[in-house]
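In what follows, a structure is listed as structure tokens, so that the remarks can point back to it.
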Amino acid sequence: MEEHRDDLASKTGMWLFLFTEMLLFGGLFVVYSVYRYINADAFHLAAQELSVPVGTINTIILLISSATIAMSVTAIRKNNKKLSLLLLGFTILLGLVFLGNKYFEWGHHIKENIYPGSPVLASRGQGDVLFYGLYYFMTGLHALHIIIGLVFIGFIARLIIKDRIVSDNYVLLENSGLYWHLVDLIWIFLFPLFYLIT
Amino acid sequence: MSAHEGMQEPNYLEFKGKYKGIYSWIFSTDHKRIGLLYLFSILSLFVIGATIGLLMKFELIAPGKTIMDAKAYNAFFTLHGIIMIFAVVIPGLPAVFGNFMLPLQIGAKDVAFPKLNLLSWYLYVAGVLMVVISQFTGDQAPDTGWTFYAPYSFRTAGNMLPAVFGAFLLGFSSILTGLNFLVTIHRMRAPGMTWLRMPLFPWTLYATAWIQLLATPIVGITLLMIVAERLFNIGFFDPTLGGDPVLYQHLFWTYSHPAVYIMILPAMGAISEIIPTFARKIIFGYKFMVASSLLIAFVGYFVWGHHMFTANMSGKALYIFSLLTFLVAIPSAIKVFNWISTLYKASIYLQTPFFWAMAFIFVFMIGGFSGLIIGSLAADVHLHDTHFVVAHFHFIVFGGTGFAFFGAAHYWFPKITGKMYDALWANIGLTVFFIGFITLYMPMFFLGVAGMPRRYFDYDEVFHTGNIISTMGSWILYSGLSIIITNLFVSLKRGVKAPADPWGGSTLEWTIPSPPPVENFIETPIITKGPYSYK
């Protein structure tokens, strides 16, 4: 059976999938709002302990990576395979740097005995327990999405090398870009919620 | 069809593809074969779930321990709930008949993403396997009920992790099916099939798909939070750590109430196909049927709080949820009125699928009205967590969705298999099943009003009579079920060959041979008029 190609259908499917991702995090935003409302003071104090510079750097990194993957789409549309691959490589690199920062950030908190189930955290009161519980869970789930995105982009790069994604058939690359933008967008919300609103 | 008599396309059952034997099924991306993969998985699980139900009813034949103790009973109702809700009624009509019939009814060759369609079946199987694993590993089977209420779900010694993760996978499978159907309906309708020329079954699948897509992620994240809670002791829903168990209930029902409409909407769609076909009349109020499907999907989003009337919500929230619950009954009632009106002055062709549709309306009405009783605040305080609620949702979920499933199975059996079922045995099966159904669930209403709580293996002596009647009903129901399923399997072997259109149906699936060719339509049909056009 010959494959029936419909780029608009693929993109519609991707957008619908992004809706589900938004709602997945939406559930967590609801939980965050409820507990922030109940424990306003504790959330206020705990948020001051997170490093704003590290969060800002990570935000900038993700924004640049969103730009590079968008440019990669334009490059393939102009039939510039090398540039497109280079830009995807940049995107993957920036994603890895983001994860590296996250690793050191988490490591720093864990060294201070701030992690779910730790007695030190428990002794600081319920508001802190919930703040850090949400912090680890939400940034952890986001990091998992980054990892999935990186694997997806790597797979797309392979398809470009094998000339399966070309200047008149690049919907898969576009879809991976959409996914990457969503991951970026979620971070744009996580960043103020945990780092900036103190 | 006559123009193509010379060039016989192989039908989808005989088609020889890349793979042979079982592989030609489990690696097939043909929507018809995937529909049948779902049919066999769902039917097997349904029989398992029904057998567990039968054992539970047997336990309740007398007060005290009959065949199982409290622990075993808890494990049984949990497994019965998880299987029946997540693995049978939610995917039931969309994944089986939706998969098979949606492309046929809109004149398409397949769904928009055939590979994704197969992937969602694999996720379904993986989810079921996780639930099975939860039963046979660990010290104790899950015992929380299918709702996984916090904080018990992360305190119990029951083996919750695989069960919760299994439910998560089943939800993911459901999302992918919904996504696939949405894109299919938007992009693949045959030329000339405008939105208002689309049959009603695809319309209900469309409304359902939006619910699957927009509600399921909420339960997905909630289940992941339960997993995290058990693994890392985070405290989301643990009152000792500052969490709020009622918040869990809100999140859970934000999905699980709309899920009720995932179950019932495609069932209504199947009934809306059966009734005009056997009434030989265009459906009454087609546009109202379309609008009511969309309205049910929309309003159904905002009624979850009625599961929590006794969970200490604010007074205002209670009134609003109760009001919305009454409102959501209106579009369902519109459907019932329109089905009945379609029958007015119709020339009715009395066949088994029509009898199923009538039985559906009867039990659905009882289920619906009893829903209004527990949707009213004061009555619910008395009836909450009693057998009344059990009777109510079995009338809707088993009576509504189950009856529509069997109605659809008989209606489309000739199209799917190319054989006719034995009508006499089908009618006998339906009659026995119906009598059993009423005998089983009707006494539960009375037991509930009298105050018999749900989810206990034991009860007070005053409830004995009602329970004896109910348990005997379960035996009749199970016999009816055996007759129906046996009859369908025997007919598969011995049934006479079915013509392309045995019922005189007017939707597109009846214009192609039974069973359908691999590519469905030899020539893409061009649509010039609405569905159900009878002269």
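The values are calculated or read from the model by the stated rules, or taken from the named source; none is laboratory data. These figures come from a predicted structure and were not determined experimentally. Positions of Cβ are generated from backbone atoms using ideal geometry, with glycine treated the same way; all protein chains shown enter the neighbour counts. Remember, those area values only see protein heavy atoms, side chains included, never the ligands or the DNA or RNA. Shrake-Rupley method; radii C 1.70, N 1.55, O 1.52, S 1.80 Å.
For segment A:140-166 and segment B:499-526, write down the distance between their C-alpha centroids in whole Å. About 42 Å separates the Cα centre of segment A:140-166 from the one of segment B:499-526. For the protein assembly as shown, rounded, prolate or oblate, judged on the Cα gyration tensor with a ≥ b ≥ c (square roots of eigenvalues), a/c < 1.5 rounded, else prolate if a/b > b/c? Oblate. Measuring nothing but how far apart in sequence close Cα pairs (under 8 Å, 6+ apart) lie, relative to its length, chain B scores a relative contact order of 19 percent.
Reported to the nearest whole Å, the Cα centre-to-centre distance from segment B:121-174 to segment B:292-312 is 25.
Please give the per residue accessible area of segment B:24-511, computed with a probe of 1.4 Å over protein heavy atoms only, in Å².
34
Nearest 20 debye, what's the magnitude of the dipole of segment A:7-196 about its Cα centre given +1 on Lys and Arg Cβ and -1 on Asp and Glu Cβ? For segment A:7-196, the charge dipole is close to 600 debye.
Calculated on the Cα set of chain B, radius of gyration then Dmax: 22.9, 76 Å. Projected label points at A:ALA40 and A:ASP168, each 7 Å from Cα along the beta carbon direction, are separated by 6.2 nanometres. In this structure segment A:7-196 gives 45 Å² per residue of accessible area when probed at 1.4 Å with all protein chains present.
Accessible surface of the protein assembly as shown, 1.4 Å probe: 70 percent of it comes from carbon and sulfur atoms.
The loop-placed chymotrypsin sites (Phe, Trp or Tyr not before Pro) in segment B:345-447, going by DSSP, that have at most 14 neighbouring Cβ atoms within 10 Å of their Cβ come out as B:TYR349.
Given +1 at the Cβ of Lys and Arg, -1 at the Cβ of Asp and Glu and no other charges, the dipole of the protein assembly as shown around its Cα centre is 1640 debye to the nearest 20. Rounded to the nearest Hz, the phi-derived 3J(HN,Hα) couplings of segment B:330-335 under the Karplus curve 6.51 cos²θ - 1.76 cosθ + 1.60 (θ = phi - 60°) are 5, x, 5, 5, 4, 4, where x marks glycine and proline. For segment B:413-500, trypsin sites (Lys or Arg not before Pro) are listed when DSSP marks them as loop and at most 16 other Cβ atoms sit within 10 Å of their Cβ; the list is B:ARG455.
With the largest listed first and rounded to whole Å, the semi-axes of the equivalent ellipsoid of segment A:1-103 from the Cα gyration tensor are 36, 23, 9. Computed 3J(HN,Hα) for segment B:207-218, one whole-Hz value per residue from the Karplus formula 6.51 cos²θ - 1.76 cosθ + 1.60 where θ = phi - 60°, is 4, 4, 4, 5, 5, 4, 6, 9, 9, 4, x, 5, glycine and proline marked x. Taking Cα centre as origin and charging only the Cβ of basic (Lys, Arg, +1) and acidic (Asp, Glu, -1) residues, the dipole magnitude of segment B:385-535 rounds to 500 debye. In segment B:234-254, burial by the other protein chains removes 40 Å² or more of accessible area from B:ILE234, B:PHE236, B:LEU241, B:GLY242, B:LEU247, compared with the chain on its own (1.4 Å probe, ligands and nucleic acids ignored).
Our coupling estimate for segment B:24-37, obtained by passing each phi through the Karplus curve with A = 6.51, B = -1.76, C = 1.60 and θ = phi - 60°, is 5, 9, 6, 10, 7, 9, 5, 4, 6, 5, 5, x, 6, 4 Hz, Gly and Pro reported as x.
The convex hull around the C-alpha trace of segment A:7-196, projected and averaged over every direction, spans 10.8 square nanometres.
Excluding same-chain neighbours fewer than eight residues apart, the lysines reachable from A:LYS11 by a Cα-Cα span under 26 Å are A:LYS78, A:LYS81, A:LYS82, A:LYS162, B:LYS32, B:LYS109, B:LYS115. Estimated from the Cβ-Cβ distance and a Förster radius of 51 angstrom, the FRET efficiency linking B:TYR534 and B:HIS186 is about 0.95. Taken across both chains, chains A and B shield about 2600 Å² of accessible surface from a 1.4 Å probe.
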